[in-house]
Amino acid sequence: MTQDSMTNPDSRTDSQSTDLERSNQTSDPLVDSSIDTGQSGGSGGETRTVIESRDLDVFYDETQALQSVDIEIPAEKVTAIIGPSGCGKSTFLRCINRMNDLVDAARIEGALNFEGKNVYDDDVDPVVLRRKIGMVFQSPNPFPKSIYDNVAYGLNVQGIEGDYDAIVEKALRRAALWDEVKDQLDSSGLDLSGGQQQRLCIARAIAPDPDVLLMDEPASALDPVATSKIEDLIEELSEEYTVVIVTHNMQQAARISDKTAVFLTGGELAEFDNTDKIFENPESQRVEDYITGKFG
Amino acid sequence: MATDQQTGTWYGTGEAVSRVRGQAFKTLCLSATLLALLSVFVLLLYVANDAFQPLSADTGWLLVTIGTVVVPSLAAVGYYYTRDTRAGETATIALGLPIVSLLLTGGVFITFEHVVSVYQWLSILVSLAVAGGIVYAHSRVRTEADLERLVVVVAVPALALWFIPKLILSLPMLPTQSIALLGSFVVPVAVVVGLFVRRQRENDRDGVIAAVLTLVGAAAGFGVAPVVGITPFVWMLLVTVTAVPVSLYVESVIRRGAGVSGLAFPLIVVGGIVASAVLTDTLGFAGPTPWLDWGFLTNVPSRTPEDAGFYPPLVGSVMMLLIIIISAFPVGVGAALYLEEYAPQRGRWGRLVDLIEVNIGNLAGVPSVVYGVLGLALFIRAGGLGSGTALVGGFTVGLLILPIVIISSQEAISAVPDSMRQASYGMGATKWQTTRNVVLPEALPGIMTGNILAMGRAIGETAPLLIIGAPAVVRIAPNSFTNKFSAMPRQIYTWSGEIDAAFRHGVLAAGVVTLLVVLLLMNGAAILIRNKYQRRE
Amino acid sequence: MSERSIDVDLTRSSSGRVVKERIYKWLLFACAALTVFVTAAIIYTLATDAIAFFMTEDASVTGFFTGTEWIARSDGGTFGVWPLVTATLTITFVSALVAVPTGVAAAVYLSEYASDRMRSILKPSLEILAGIPTVVYGYLALVYLTPALQWIGIPVSTFNLLSASVMVGIMIIPMVSSLSEDAMSSVPDSLRQAGYGMGATKYEVSTGVVIPAAISGIFSSFILALSRAIGETMIVVMAAGLRPRMFNFTNPLDNLLSSGQPMTAGMVSAVTSDATGGSATYLSMFALGLTLFVITFVMNLASDYVASRYQEEYQ
């Protein structure tokens, strides 16, 4: 969050504690701008689009990782991105919060709009963008700091003011970790188990209250029990956040997502629709082959 | 395979496969390695023999010492080595830590004695505290003024350091040196100890207890020190720099419960030495007359070998290290941070960075004598600093070890897992925030190790000091960075020009042993940090 | 998409933060760029004063690079660099004879034969050897090695090139061994296994597979170590003496037994003598320094080049 929004009483950082204010906030653009682009596939047509890409190409040196991707990601839903390995699903995710900027070889063409603004415009500061879009990574990567400091990290670096104890507790509660760690907030985040670490990372990501939560195969390094906890958590989080999750696990996508995008080899978006439709009656033959396990 | 055509069985060593040549080769390689090591270690044994002159003692003294010190220590080492390696580790640290901290105590003592007086130190601390308060207040009052704060952060400490020390030092009434030390050194150390214990134990009460114990232990010096025969000043330094780390370590070993028997080792050694001293005294055996004794360490150089001492070069070396620590280390770590975290990999700018990296590698191979010439031209002739001063020596040797500092820091920084950086950037941290909050703390042990090893290199450098005109003999220990100074290796070189055997085989050996012991302890500390760090990985 | 969305949010980075980030970046860059400044300063200072040296009456470029006599008095002298260069070359050559076989043998042992326990003892010991200051090596050569050589009947003088060379050789052993060992242990295990799979013995694998595969890394370690030997100062100043002598081609061994003055020692003697600031003797230090710098710099670059070629082979 920027300095200005910090001191502004109406800003969402200060509305942290009350969900009521928050929902007002997020619904504002809906009222004002009627962004609704009208989803093609049935049930979710009333939602607004938060992220949309137009003709998005990504190259790593000469290799093309994404091919003219067009996608519209709805607000406050879980959007799953699936596809065989190397199909560019993580690349797409990292385009959204410009994490690909950290890779020198990456080159991006086309537009990726967040709330109507192309994030690759020259005047966009990727740091500000990332403060609005939280991210959870494939393997749990808590900092070698205390649990408390891990969750407060985003608040510190973003210069958010407020009652840190309350914010940290709230984030940990939302990440369903509070009861397990409330007595050991000062111990290192690395002392937790893998599943707990990942929930800590989720708490860390939601503590500064971003608009969107990106998850890059968040459960791939976890055992089944921990995985199901993370999945429950994602479903709960989708009530407040727009969640985009990359997964290689089709059952997981089917279980938790509202919308599913299928990327196929070569970085091409083969199909994007409601999850039910994708898994029951995909339009593309190649997607059906992939879903039914004929390749990938 | 036509096994039936061979004479023996198909297995085992037939003549078709010659083992002799391989064995001979292996033996040759091993003996070459051992030859390289032993040739130096044997020579060093000679040096140690010259420095300590053990054979000048009575046979009885030697026998008693062997019986009370050497045999029990070796027995303990054998026990630890074969039975309990964990305790062996504890034993190494339990013996090494007090020695290293005593060395550090000596360094701090010399610093207060010759570099910054306690009052100067006190005034610096007060200035920094005032500046910190102002900066904090500014950040509270004007939360948004980022740029303005940048100015405040730079200007206020500078102004504070400029005016407040003068003000304090001109006060008509100053507390006694010991009280000033208590306030300006012991209290901060106690606070740090308290915070450290609190973090380790996750317990506020323990932290407070540790801090109070430190403070009380140091303050007890006002009553106890005169009884023991030292000044309260030295007592306080001993408590804060030696006793506190040692007791923290002992306490942690006992609480951990593993390898506790290793704690007995220093007791065995020290007990043996005390027993030996008492026994030889009562039996009337005369001990050796070593060249390396307390007098050697505290005297000034002299033309008569018996009076010759090493104190001014010791002070000079400490001063040089201090300058290196505040000049070369920040620059070296900064450069490493730039190269690892900021530098672009491609494009024209990336090629420039490649050039810088190649250049650093080459600078590491430039002969030290050339750095001496650089220091002479840059700092003395162009910069106008005095020839042979501690400042010039520190800067010159600092430039010399800069490539080493950069390369080792780069290694430590690149070992920080990328997932940490990703996590931080993903949280919307800026590059500097990521570097300062995530990368630097994680890489710190590795950076420390590299820097201590670089310090070891710096402390032994001689040729640049000759070129920048460090005088052959300094009879008065320098009291300021702009005084002429001599360092340990410089003094050794001077003594090597003396033809007298008492110098060659006595004083010189004592100087060399002192230098090597300091080096060995520094390298040992670096290796300990490295091992502890690696185990955590 | 609506035009009046919340785009301000993405661009409204507080200017203070951006400026702060930039300042930190440039500060750190300045630290890195300082190293370039150091190189430039070395070249500049050496070159300007070397030119000043060649402009003095007593010295000339041709005289310097072809002369076989070096007499440095406080008021001037004759400056032909060959006596110093030949002394440096002699020391480098003899020290290479000591260090190269020993260092490579140690590297082979550590990389191919040593058990973990043996390695855990030998490697730190070699590191200790590498950490000993050169002034200590010089002292060992002067006070212990030279008398020892005399004792076993080698007629060396008090200052002599032989014991200095041997000590320089011992000093660079750890450098050869650790760099060569790095090269050998980065030979992929699959190559070794291929060798064993063909029924080769450990000896055959070490000499026939590992050493050839690591040869450019080993060579690069030689070059680096020799460049250290050329630039080594304290050992030669203390043990080889400060009297320049032209190499005696009629009796090469005699050169080892008597004293000599290598280039580095020439620099030290120029600056520690009574020579005044602008005199030819004093300035000769810079000409020597420049020669030394150029030689070692080229050798370091050559070592880099050899080593990088070697890396390509396994990429």
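Each reported figure results from applying straightforward, stated rules to the coordinates on display, with no laboratory input. Source: prediction; values computed, not measured. Counting neighbours? That spans all protein chains shown, and the Cβs are built from the backbone with ideal geometry, glycine included.
At most 10 other C-beta atoms within 10 Å and a DSSP loop state: those are the exposed GluC sites (Glu not before Pro) I care about. Give me the longest piece of chain C that has none.
Details: sites that count: C:Glu3, C:Glu57.
For GluC sites (Glu not before Pro) (loop position, at most 10 other Cβ atoms within 10 Å), the longest site-free span of chain C is C:58-315.
FRET efficiency for B:Ala137 and C:Trp151, Cβ-Cβ distance as r, R0 = 51 Å, nearest 0.05?
The computed FRET efficiency comes out at 0.10.
With charges set only on the Cβ (+1 for Lys and Arg, -1 for Asp and Glu), what does the dipole of the stretch B:78-290 come to about its Cα centre, in debye to the nearest 20? Numbers along the way, then the final one.
On the way: 12 positive and 11 negative charges, 61 e Å.
That gives a dipole near 300 debye.
Regarding chain C, what is the average projected area of its C-alpha convex hull, in nm²?
Result: 28.1 nm².
For the stretch A:48-105, state the average projected area of the convex hull of the C-alpha atoms over all orientations, rounded to one decimal in nm². Intermediate values should be presented prior to the final figure.
Values: hull surface 16.9 nm².
Computed as one quarter of the Cα hull surface, the answer is 4.2 nm².
What is the set of long-range amide H partners of A:Val136 at a cut-off below 5 Å, with H atoms built 1.01 Å from backbone N?
Result for A:Val136 returns A:Leu214, A:Met215, A:Asp216.
Only four residue types carry charge here, +1 at the Cβ of Lys and Arg and -1 at the Cβ of Asp and Glu. Report the dipole size of the stretch C:70-313 about the Cα centre in Debye, rounded to the nearest 20. Working shown, then result.
On the way: 10 positive and 14 negative charges, 78 e Å.
Dipole about the Cα centre, nearest 20: 380 debye.
Tell me, what is the FRET efficiency for B:Leu352 and A:Glu62 to the nearest 0.05, using R0 = 35 angstrom and their Cβ-Cβ distance as r?
The formula returns an efficiency of 0.90 here.
Based on other C-beta atoms within 10 Å, arrange B:Ser39, A:Ser68 from fewest to most.
A:Ser68, B:Ser39
Roughly what percent of Cα-Cα pairs across the stretch B:78-290 reach past 24 Å?
Cα-Cα pairs in the stretch B:78-290 separated by more than 24 Å: 61 percent.
With a bin width of 10 angstrom, please list the P(r) values of chain B as percents of all Cα-Cα pairs, from the 0 bin to the one holding the largest distance.
Bin by bin from 0 Å, the calculated values are 3, 12, 22, 27, 19, 10, 4, 2, 1, 0, 0.
Write down the Å³ per residue value for the convex hull defined by the alpha carbon atoms of the protein assembly as shown.
Considering the Cα atoms of the protein assembly as shown, their hull volume per residue is 235 Å³.
How crowded by other chains is C:223-230, given as the mean number of beta carbons from other chains within 10 Å of each beta carbon?
1
Contour minus end-to-end for B:Leu279 and B:Leu169, with contour as 0.36 nm per residue of separation and end-to-end as the Cα-Cα distance?
34.4 nm
Assuming R0 = 30 Å, what is the FRET efficiency of B:Ala364 and B:Leu34, from their Cβ-Cβ distance, to the nearest 0.05?
Using R0 = 30 Å, I get an efficiency of 0.55.
Could you derive backbone 3J(HN,Hα) for the stretch B:251-262 from the dihedral phi with the Karplus parameters 6.51, -1.76 and 1.60 (θ = phi - 60°), listing whole Hz in sequence and x where the residue is Gly or Pro?
4, 5, 5, 5, 5, 5, x, 10, x, 4, 5, x
In chain C, which helices (entire DSSP H runs) extend 30 Å or more along their own long axis, judged by Cα positions, while averaging at least 0.5 on the Kyte-Doolittle scale?
C:15-55, C:82-108, C:161-185, C:280-313
Using the Kirkwood radius built from alpha carbon pairs, what does the Stokes-Einstein equation give as D for the stretch C:142-255 at 4 °C and 1.567 mPa s, in µm² per second?
Using the Kirkwood radius from Cα pairs, D works out to 77 µm²/s.
From a point 7 Å beyond the Cα of C:Ile23 in the direction of its Cβ, which residues of the stretch B:106-140 have a backbone N at a distance under 20 Å?
Once the point is set 7 Å along Cα→Cβ of C:Ile23, B:128-140 turn out to lie under 20 Å by backbone N, inside the stretch B:106-140.
Counting Lys and Arg as +1 and Asp and Glu as -1, what is the net charge of the other residues whose Cβ lies under 15 Å from the Cβ of B:Thr298?
My count for the surroundings of B:Thr298 gives -3.
Springs between alpha-carbon pairs under 10 angstrom, Gaussian network model over chain C: which of C:Met267, C:Met198, C:Met175 fluctuates most?
Fluctuation is largest for C:Met198.
Between beta-carbons, use under 14 Å as the cut-off and find the net charge around C:Tyr203, counting Lys and Arg +1, Asp and Glu -1.
Value of the local net charge: +3.
Between the stretch C:160-198 and the stretch A:232-270, how many Å separate their Cα centres?
54
Report for the protein assembly as shown the percent antiparallel among DSSP-assigned beta bridges with both residues inside it, nearest 5.
For the protein assembly as shown, the DSSP antiparallel bridge percentage is about 60.
Excluding the sites themselves, what is the longest stretch of chain B that contains no chymotrypsin sites (Phe, Trp or Tyr not before Pro) in a DSSP loop with at most 12 other C-beta atoms within 10 Å?
Numbers: sites that count: B:Trp10, B:Tyr11.
Result, exposed sites excluded: B:12-537.
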